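Below: the structure, in structure tokens.
Please treat every number below as a calculation from the coordinates, not as lab data. Computed from a predicted structure; not experimentally measured. No Cβ is skipped: glycine too gets one built from the backbone with ideal geometry, and neighbour counts run over all protein chains shown.
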Amino acid sequence: MYNELVSDVKRPYHAPIREEQAAQTRRRIAVAAAAEFAQRGWAATTIAAVAARAGVTPQAVHLAVGGKAAVLIRGLETAVAGSADETALADRPTLRSVYAEGVGTRRRLNAFATTTSDIYQRAARLFLVLQEAAAADPAAAELADQGARRRLADHRRLAVLLLPHADEEAVQTLTDTIWVLAGPAVYVDFVHRRGWQPDRYASWLSDQLAHAVRAARRSRVAHPARRSK
């Protein structure tokens, strides 16, 4: 009975501490995973290497996060969100401007391009590692597919905002254009391989998407019959 009472008394005081410690451990693992996978790729990265970088045991990694695919995803999510800013990504002013109502086309595109560039500075290589992993690991393939569907849905949402009242063909074409131009491989090619500065990439992306939007709008004017279908 005494042990039970002591346990009941201690739990409210110590549980938050344990939870905070567990959260810190997961955070260290995620940061270590992002660094290891970005540096070594999917095949060469091991749970042991992630554990060593995080200062924990491989068993701790499995218990706190899961298997290799789950560890990659946790690292990718952490890199996307950023380690310095605790504000949720969706709540940051720049990203809100991408999807808010009443925002002008150029401001919306600049916000999208800036956010994309900011995310890719931390995570572009990890997105490519996830594609590599998806070709070799069923769990990674499932997670990659889920992420791709979410990204495509976001791009379609942006396309609809940029082309209100457009027909399905126009929206789909713009969605696909955003998907290609804003893909991580393009960022890696320009910034990591060709030596562009991230702000130059952001300006280029905004300009290219603005051109695509203007072309879609001109097409609607030139072929008004499409709007009535």
Compute the distance in nm between two label points, each set 7 Å from the Cα along the Cα-to-Cβ direction, one at residue 40 and one at residue 194.
3.2 nm
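Using the 10 angstrom Cβ neighbour count as an exposure proxy, how do 112, 190 rank, fewest first? Walk me through the numbers on the way to the answer.
Numbers: 112 25, 190 18.
The fewest-first ordering by Cβ neighbours comes to 190, 112.
Test of understanding: ordering 165, 155 by Cβ neighbours within 10 Å, fewest first, what list do you get? Display every interim value, and only then the final one.
Numbers: 165 8, 155 20.
Ascending number of Cβ neighbours within 10 Å: 165, 155.
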FRET E, pair residue 27, residue 152, Förster distance 41 Å, beta-carbon r, rounded to 0.05:
0.90
q = 0.10, 0.11, 0.22 Å⁻¹: log10 I(q)/I(0) that the Debye formula gives for region 105-229, counting C-alpha atoms only:
-0.36, -0.43, -1.23
Sum of side-chain charges, residue 99 neighbourhood, beta-carbon under 10 Å (Lys, Arg +1; Asp, Glu -1)
+1
